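Below: one structure, written as structure tokens.
The values are calculated or read from the model by the stated rules, or taken from the named source; none is laboratory data. Computed from a predicted structure; not experimentally measured. Please note: Cβ atoms are built from the backbone with ideal geometry, for glycine as well, and neighbour counts cover all protein chains shown.
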Amino acid sequence: MNPVLHRYRGRDINAADVDFIRALIAAHPAWSRRALSRELCQRWDWKQPNGELRDMVCRGLLLALDRAGAIELPTARIAAPLRSLIYKRPEPVVPDNRPVHGTLDEIGGMEIAMVRRTAAEALFNSLMEQYHYLRYEQPVGEHLKYLVTARGQAIAGLAWSSAPRHLGCRDRFIGWNPEQRRRNVHLIAYNTRFLILPWVRVPHLASHLLGRLAQRISRDWEQLYAHPLHLLETFVDPARFRGTCYRAANWTVLGRTTGRGKNDLTHRPNRPVKEVLAYPLSRRFRELLTR
């Protein structure tokens, strides 16, 4: 048997895999890291459900192997100062901040638009950067962004991304084994940001938006990524919030995180403990996530 030397994002890497990567690097000394990553994705048939290469995940694997001394990558071609320009913070915008007060019926004309890869994405990013307490964070992997408007004025935004791979209370709630989790965790979406803009005062707006998103997000996800969703989840910091809108929208409290990050090696809490809530999108969600 070929023992597992490394494990990255659910993929086991053995000695034969490492030898193959070394041979690929040696055979193409002029290739960039990006070229190596894309070729490796092609050779391993490492693709997303929509057919696109898992290029960024593969590059993360190559960097991890390089740092572990298992391989030696070519020198990065983009210098650090240029990277800081690529990943600069969203530009501030001057939003329409007229007060929006009243009931759901009174504000009227509310629309929820999926704005990823649209002209409105920059506005979404900027609003999160300016008004969300965690600021904007560029999602990695599969993700969607929604901007909510009332009579053309932005009033809220929600961001969703790929779910964490390991989450004890969620995994127990589903009842899946490690192989089922590895195979199906992409069928869960994580609500990373939820912002009601500070000049908006509309009772029950947040729970209303969660309910409306639950009705459409799986279709939107499948249109972009070629697979549906069966469960939604989020984290709530109990030191700041009670998660009232999620409870009002019939989300279930599953438990709490351990306070350790996904790359923790100390087995000691190093960040705030969060409450975990989830919302099944189908009565058959357990069957669909464990098959």
Those residues that are under 25 Å from residue 47 (Cβ atoms) and without any contact (Cβ under 8 Å) to a residue 40 or more places away in the chain, I need them from the stretch 119-142; list them, please. 121
Would you be able to tell me the number of residues in the stretch 95-127 that are aliphatic (A, V, I, L, M), over 28 Å from residue 9 (Cα atoms) and within 26 Å of the chain's Cα centre (by Cα)? 8
For residues that are under 15 Å from the mean Cα position of the chain (by Cα) and aliphatic (A, V, I, L, M), scanning just the stretch 206-251, find the one that is farthest from residue 176 (Cα to Cα). 224
Can you tell me which of (1) surrounded by fewer than 18 Cβ atoms within 10 Å (Cβ to Cβ); (2) within 30 Å of residue 98 (Cα to Cα) is the one residue 157 doesn't meet? (1)
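Residues are listed down the side, and each one gets a yes or a no for (1) assigned to a loop (DSSP other than H, G, I, E, B); (2) under 17 Å from residue 193 (Cα atoms); (3) in contact with a His (Cβ under 9 Å, 6 or more places away or on another chain); (4) at pLDDT below 95:
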{"position": "245", "(1), (2), (3), (4)": "no, yes, yes, no"}
{"position": "269", "(1), (2), (3), (4)": "yes, no, no, yes"}
{"position": "276", "(1), (2), (3), (4)": "no, yes, no, no"}
{"position": "279", "(1), (2), (3), (4)": "no, yes, no, no"}
{"position": "288", "(1), (2), (3), (4)": "no, no, yes, no"}
Mind checking whether some residue in the stretch 11-30 is outside any strand (DSSP E or B), within 28 Å of the chain's Cα centre (by Cα), outside the structural domain of residue 224 (by TED's automatic domain parsing) and surrounded by fewer than 16 Cβ atoms within 10 Å (Cβ to Cβ)? no
Number of positions in the stretch 39-73 that are part of a helix (DSSP H, G or I), within 14 Å of residue 140 (Cα to Cα) and among the polar types (S, T, N, Q): 0
Can you tell me which residue among 201, 260, 165, 256 is in the same structural domain as residue 275 (by TED's automatic domain parsing) and modelled with pLDDT of 95 or more? 201
Collect the residues in the stretch 31-59 that are surrounded by 14 or more Cβ atoms within 10 Å (Cβ to Cβ) and within 15 Å of residue 75 (Cα to Cα), keeping them in residue-number order. 31, 32, 33, 34, 36, 37, 59
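Conditions tested, residue by residue: (1) touching a Phe, Trp or Tyr at 6+ places or on another chain (Cβ under 6 Å); (2) of a type in the set (D, E, K, R); (3) modelled with pLDDT of 80 or more.
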position	(1), (2), (3)
5	no, no, no
24	no, no, yes
40	no, no, yes
43	no, yes, yes
57	no, no, yes
61	yes, no, yes
65	no, no, yes
78	no, no, no
86	no, no, no
Answer residue from the stretch 123-154, given it is among the aliphatic types (A, V, I, L, M) and modelled with pLDDT of 95 or more and is nearest to residue 236 (Cα to Cα) among those: 128
The conditions are (1) surrounded by fewer than 20 Cβ atoms within 10 Å (Cβ to Cβ); (2) assigned to a helix (DSSP H, G or I), and residue 165 fails exactly one of them. Which is it? (2)
Any chance residue 118 is polar (S, T, N, Q) and touching an Asp or Glu at 6+ places or on another chain (Cβ under 6 Å): no
Conditions (1) loosely packed, with under 15 Cβ neighbours inside 10 Å; (2) closer than 27 Å to residue 206 by Cβ; (3) modelled with pLDDT of 85 or more; (4) touching a Lys or Arg at 6+ places or on another chain (Cβ under 9 Å); number of the one not met by residue 113: (4)
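Every residue, every condition in (1) at pLDDT 95 or above; (2) surrounded by fewer than 20 Cβ atoms within 10 Å (Cβ to Cβ); (3) assigned to a strand (DSSP E or B), yes or no:
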| position | (1), (2), (3) |
| --- | --- |
| 171 | yes, yes, no |
| 179 | no, yes, no |
| 186 | no, yes, no |
| 207 | yes, yes, no |
| 217 | yes, no, no |
| 224 | no, yes, no |
| 227 | no, yes, no |
| 250 | yes, yes, no |
